[in-house]
Amino acid sequence: MHDEVVGSTGKLISPIRGPGTLGEVLVAVRGGTEGYIARAAESIPAGSTVLVVAVDSGRIADVVPWIPLTPDPAP
């Protein structure tokens with residue numbers, strides 16, 4: 001089953017402190033925002049934008065740090 005949030009970006013609202021630990025991500029879905037449990041192979045701080053790469057049936061989203069194609073301009 002393919003979840004519609006796979007391939008979407010979201011905002012990590014609680015940190016993932018490393019492999020085997022969980023955080024929480026908010027993802028825009030169907031005109032609203034839904035929370036998912038988030039896990040990753042690395043630590044990711046709260047407030048980071050992440051890419052959802054997979055979702056388990058238990059609403060656990062596998063995420064990776066989002067890297068924009070064009071870097072932000074220097075201040």
Q | Cut-off 14 Å (backbone N to label point 7 Å along Cα→Cβ of I60), residues of segment 1-33 | A | 19-24
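Which whole-number percent of Cα pairs in the chain have a distance greater than 22 Å?
Numbers: 548 of 2775 pairs.
Of all Cα-Cα pairs in the chain, 20 percent lie more than 22 Å apart.
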Q: Could you work out the relative contact order of the chain, using alpha carbon pairs under 8 angstrom and six or more residues apart, expressed as a whole percent?
A: 30
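Coordinate-derived values only; no laboratory data. Keep in mind that this is a model prediction, so the values were computed, not measured. A quick note on method: Cβ atoms are made from the backbone with ideal geometry, for glycine too, and the neighbour counts reach across all protein chains shown.
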